[in-house]
Every structure is written in structure tokens, then in C-alpha cells.
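The next block holds one structure in the form of C-alpha cells; read it before the comments.
The values are calculated or read from the model by the stated rules, or taken from the named source; none is laboratory data. What you see is a predicted model, and the numbers here were worked out from it, not measured in a lab. Methodologically, a virtual Cβ is constructed for each residue, glycine included, from the backbone with ideal geometry; neighbour enumeration extends over all protein chains shown.
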């Protein structure tokens, strides 16, 4: 009986599955040095970028795809992917929103992105990435006033090559892993943020990623640098059309926080998860890492993962500076045949470094949800402190929830705690709610929301509401 | 995968020697097959997830010989034992009748060294010996099967309750660079009860390698309490596989204490095949020497409904030692109403000690309560201050606090004689 309600709630359809008919410049599928030369040339990149891409490509050729994650998928044919697709624009690119293809704007409107500056009320500056390239960035002028640089990656390469060269690949080197190497070789765009010394970014920054074209892979790269004493909050959202074939998304996000700086990075990931039988959907293989380089720096990751056929993602923090703080808050939901292998890495290097990990996994249908985390305390990390809590909620008899926490401690002054809990919604909890007159549906939704509350509280306001709604949508028809 | 064990190694030679000893043909054939499998599989490398922190490659480069009985019995070797026990003593892997004491054994129970059991009860022993152990996962089980010749066979018939603990005492005396591969088989039939303690000690023996496999079969309603005390020499290698097979309503309690060896690895695998089986695992690992390495790996396979398992392990690490703790609960789709709990606490006393802990859950059904917790920390500064303020020296205070840290685990031992024995051993040899 409960099962039915759960099913109804869980099985609500994906509402961002439309395709925008738009003219685009698209490469033929396949990857070679030529393709990389071509991308680099199209982007009019300086020589160092091209060389870096080529080195990454050469290294990538020596690697084989990782197989250790707790996910199953057929081998990906990397020669069958289109590595570059861009909405066709006038040669010099849009100077203002008026020049952006109205169809594109319509798409973003459908998605609820406040791209037009009339969305000013929302107070969020948006950089929108459509397929492989950034199409528009809003509120540029206002941000520039504060000295904040917020633009597409291609623009940053043109206008601030020194900053890009200094920081690119220093947190996630191209040698990091298979997908990071691939991304480094072929990434086409992304966002770039630089917050100067002592500046508190006046508004939330946001990037919206959209995959539109078929058979394309999306490889974007985000680089955020928060200089000393600065503060920034950054949001990321993603959707894709419904297609029967799987599409690859291999992004890299690098965060650098210098002394006393704080970066808050929130993600609401809602790529197309595939249909009920597990056909189609995005393979989301993302490398995200932040480095707290200076004293008292803080990096906080918050993620709501409801989409993607497969999620493979470990937003990490390298706590290099003394007294730096790393945080990871995550809600990962897997429904139907979705698989998620996600978690975090906290590497304690500096003294008095602290990290908190709160991970909530919800599995429904045939979903497989894995938390995989690493807490490593190096010998010099005196008085390091970690608290980890990972909880899993099971909503069907056919799903799975797994926990693989690695704890490696080489310092006696550190204090590490880890706890995990896996169970289904307690019959007594349901009974309690039902007794007070709540319908089963409301009771379950209330319990699930309560379960995720601690993570939702970490999200910026506008996102918290969205996340809550999103969870209801994704769960529709699965609660049981 | 891993490197194939080089063919010219010492291993080949000693295998040939053991093959020349007379054994039933089926056993010969089985051993040869297992040896071949081991050679193909090779030693595990640190690239393998399950062996990530365990360096064992030096074993291949060490020339181990076969153990020989020592005629020099250490004077006090039996003095400190438990009172009123059934005792089986092994001298460098060979059974010693003169030192053993079986007079308290109920007549219906079969307890004998494996070699004797093979002669007297071949049909009983054979099916247990021919079990295919998962050597791909744990190649040392192949190695143990390849060198199968001695160990213990214990069979407790239906409804039999053995009131006295049975003590398996493996003494390693006055010999170095040898490899012993004991195989212990314990079968507890319906409604039976038994308490067992397996102990490994060394007297003037160094650099040896013990590769032991203990198989424990508990039939329905049976209860087995299994204790293990590992006090090997600090240059030795001790690799143990303990495989527990549990049927309906059976109950197994294990208690492992490790404080010896240069490298020790305990792999405890619990198979809960039928409903309402319970297993409670406790353990201590106390590392007090440089370059000491102790691994504890636990795998609990919940394959039936209403089963319960719990894990409570504590470790204290001093000097430049390294400990690894890994436990995994695997709940199959059938394992409804599973209740599983895992706890691991570590106390680090030195700045060069290292601990790697990984409590895992792999759950494929929804009606379960599984939890785990792990902590790593140091002595509470306030508690230390409290003691120092009362005039207790730092050394003594630290000792007291470390003792307090592990006492609650020892206190959980039900049998008071056993509790005292283990407490005594821990205070004497681990200095706590």
C-alpha cells in the first residue's frame, strides 16, 4: 500500500527533457590531435593552452578507464563522441543579450533561469553554458564594479591569460585521472571566477549547464579563485534533453581559496537520468576539487544529485593552510536504474584543519547508491578534526545502498569520527505521522525532507526551495 | 593482477618434500591442484583493493623451510595456562601428545590432530578438506591447502555441551625461517556448545611464517565461543583466515587479540546462511613496536533473514606501527530484517603510528538496520591532567588510560576464567 504511494511520488516524469531546435556548429565524432588543434584554434587560444591540451591528450592515451567504482555501464567508445558543439552565432560572439539567439533565451526561460536582466530581482548572476560553449553572462557590469571577474572560460583565456596560466591545472592536474585528462584535452568552455583581495562578492554567482545536441559529450571546466579575505557563493545547475542513448559529461571544477577566503559551491545536478527501464541518461563523471591554500581558508561543497544515469563524483578539499576548513554536504538520490558512486575526499595537511562530511543517500526503484569517501590525515596535520556522518534511506526492496569510507590517520593528535546508518523508513515513524492524520504520501515526503534537511539548510535560499521540489519530483512514483 | 610466483622459488622445493610424505591419493591430488592455483594467482599486491595497505611481497624473497619438532621444551610454557581445560599442544606445527591433555574430553566428541583424524575418520574429514576456499580473494588459503598436513579436527555431536574450554596451543620453538600451515576444522552439530581458544606463542623462534586456516561450522542452535590470542615473535609473519559457516539459530562469538608479529593479518569471514543466526565479533589489536603491522579484515555475509551481527574492535598503536581495520557487511536481497552493527575505535599514542580504517556497508535490500562507526583519537588531555594532578607519573597515567580504553571490550567476555586469562595476557605482554 505504502509502496503504491511511493511509486507514484518517485515516478514523476523528467520535465526538462525537451530539445531546442537550434542551428549549431558541430564537429564530426572522434578524437585526435587534430580535433584538439581545431578546438584550440576556434577558441583563438594562446600557445600555452594548446600545449597543455596536447600534453593532457598524450597522457590520456596511456590510460584506461577506471573500473573501481561501484557502477556498471558498457564500455564507452570515445571515438564516437562529438567533442565540440556550439550554437551558431555571429562571428564575434554576442556582445549583449539582444544578440543571443532568441530560441536559446526561450530555452533558458523554460528552464527557469533568470538570464534576462529582468531577473534582476533574483539577484543571481548567471553564466549559461549551452552544449559546449558559454552563451551569456548576466550582471557583468555590476560585478565588474566590485572587481569580480565572472566570465566564460574562453573569455578568461583571452583577457586574463596570466591568471589562467597561473592556476589552471594546479588543483586538478591533467594527470589526476582518466576523465580529468580527457577533459583537459578537449574542454571547450566553462566558467571563470576571480574574486580580488578583500572583496565579498555582492551576489550569488551561478552557472547553468545544458546539453542539447545529440551524441555530444560535454566537457566544461570551472575555475574559481578567491584571493585573500574574499568570499563567494557559487551555484551550478544542469539539465539535458531526453534521449535513448547515453551522453557523457566529464567536467572539472577547480577551486582555490587563499588566506581567509571562503568559497561556497552548491550544485543542483539534474541531468536527464534515463527512463524507467534505464535507457539513456547522462554519464556524469566529474572531478571537483578545492584547495585551501591559505590560513583560515574555507571551502564548502553542497550538492543535490538527483539526475544522471551514472554519477561518479567526489568533490574534495585539500586542507593545506593552517586552520582551514572543508565541508561536504550531499543528498544523492537514485531511482529507477540510476547509479551513483559519490562522496568526498578530505586531505588534512595543515595544522588545526577541520572537515565535516554530511552525506545523505536515498535509493528507490533499482537504484544503487554508494558513498565513497576518504579522510586522510598527514603526519604534519596536528590537531586535525573530522566528523563524518553518512546515512542511507532505502525506499524499495530492489535498491542498494553502500558505504565505503576510507580513514587514514598518521597523526595521534587528530580526532576522527565516522558514523553511518542504513535503514528504510521506520514503520513506527510512518505510524506516528499517520496517526496524526497525515496521508501516507505527505508522511513519506515529510520524512524524506526531514532526512535531507541538514543538507538543504546549507543551500542558498532560492536553491533550497528548488531542491526540495526537485526531490519530490524525482521521488514521485517510487516512495514505497 | 599480481605477479606469478616465480617457479624457481623455495616454495617449489618444500612442496616437493611434503609431497613425498605418504597421504591419501585424493589429498595428494587436491594439494597439487591447490598449489598450481596458488602459483597462477601469485601473492597479492598492494594494487589490489583488499591488500592496499598490506605489504607481503617480502615473503616471496624469504627462504622458508619446513618446520621440525623441537625437543627443547621451554620450561614454563604450560604454567600460565588456564585451569581445567582440554589442551592440544603443537610444537612447530607438529602435534605433541605428551604435552597435550585430553582427559576432560567427553567420550562422544572427536578431537584429534588432523593427521590422526585422516587415518581414523577419513570419510568424516574428507568433505571438509576438499572445500574450495576462495583463494582468488585470499591466495594464502590456496597456499594453506597446498601444504595441508596438520591441524586440528574437532567434531561435537548433537546436544553435547562441553563444559571446559578447549585450548589449541601452537608453540613455535627454537627454529627460524620456517613456514607452518595448520588447518583447523571445527564442526558443532545441532544444539551443541563449545568454547575454544586458539593461541600462538613463540620461544626463541624468529622470522617464521604461520599461515593458518580455521574453518568453523555451526549447525542449527549450536553455540561456539571462539577466542584467539596471537603472541607470535616480533619478527614473524602471521596470516590467518577464519571462516565461519552458520546455520539457523546458531550463535558464534569471536574474540581476537593480536599483539605479536611483525606482520599479522586476520581475515574473519562470517557466512550467515540461515535465518536467525547471530554472530558477535570482538577484538583488540595492541601494537607497541616499530614497524609492526596488524591487519584485521572482517566480512559478514548476510544471506538470510532475521540475522544479527555485531563488530566491536579496538586498537592501541604506539611507536612506528601501522594497523588496518576493514569490516564489511554485505546484505543480500533475501536478508530481510538484518541487524548489523560495526564499531572500531583507535587510540594513537605516538606521532609516527598510522591507522587505516574502513567500515563498509553493502546493502541490497530495504528492511535493514545497519550502522557503523569509527573513531581515531588520542588520550584525552583532561583525563591525563586529572591523573597527573593526583601525583601519577605520565607513563603510568597513559598506561592507565590505555587500559581503560580496552577494558570494556575485555569485560564483555562472559566466561570469567577466560576473561581473567586474556586480561592477564594483555597486561603481561602488552604492558596494559
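Whether any residue in segment A:236-244 is over 25 Å from residue A:80 (Cα atoms), in contact (Cβ under 8 Å) with a residue 24 or more places away in the chain and in a loop (DSSP other than H, G, I, E, B) is what I want to check.
no
Take residue B:99 and decide whether it is without any contact (Cβ under 8 Å) to a residue 24 or more places away in the chain and in the same structural domain as residue B:229 (by TED's automatic domain parsing).
For residue B:99, the condition - without any contact (Cβ under 8 Å) to a residue 24 or more places away in the chain and in the same structural domain as residue B:229 (by TED's automatic domain parsing) - is not met.
Name the one entry in B:192, B:181, B:176 that is at pLDDT below 95 and farther than 19 Å from residue B:73 by Cα.
B:181
Mind counting the residues in segment B:51-79 that are assigned to a helix (DSSP H, G or I), within 23 Å of the chain's Cα centre (by Cα) and surrounded by fewer than 15 Cβ atoms within 10 Å (Cβ to Cβ)?
2
Among the strands (runs of 3 or more DSSP E) confined wholly to segment B:314-373, which include 2 or more residues that are under 20 Å from the mean Cα position of the chain (by Cα) and more than 9 Å from chain A (Cβ to nearest Cβ)?
B:322-331, B:338-348
Going through B:93, B:42 one at a time, which residue ends up being more than 21 Å from the chain's Cα centre (by Cα) and surrounded by 14 or more Cβ atoms within 10 Å (Cβ to Cβ)?
Selected residue: B:42, the only one of B:93, B:42 that is more than 21 Å from the chain's Cα centre (by Cα) and surrounded by 14 or more Cβ atoms within 10 Å (Cβ to Cβ).
Output the number of the condition that residue A:367 fails; it satisfies all remaining conditions of (1) at the interface with chain B (Cβ under 7 Å from one of its Cβ atoms); (2) crowded, with 17+ Cβ neighbours inside 10 Å; (3) within 27 Å of residue B:338 (Cα to Cα).
Of the numbered conditions (1) at the interface with chain B (Cβ under 7 Å from one of its Cβ atoms); (2) crowded, with 17+ Cβ neighbours inside 10 Å; (3) within 27 Å of residue B:338 (Cα to Cα), the odd one out for residue A:367 is (1).
Look at segment B:96-110 and say how many of its residues are farther than 19 Å from residue B:162 by Cα and within 22 Å of the chain's Cα centre (by Cα).
Here the count works out to 1.
Within segment B:390-398, can one find any residue that is facing chain A (nearest Cβ under 9 Å) and crowded, with 17+ Cβ neighbours inside 10 Å?
no
I'd like the full set of residues that are more than 15 Å from residue B:360 (Cα to Cα), more than 7 Å from every other protein chain (Cβ to nearest Cβ) and in a strand (DSSP E or B), limited to segment A:376-427.
A:376, A:377, A:385, A:386, A:387, A:393
Here is a check on your reading of the model: is residue B:399 assigned to a helix (DSSP H, G or I) and touching a residue at least 12 places away in the same chain (Cβ under 8 Å)?
yes
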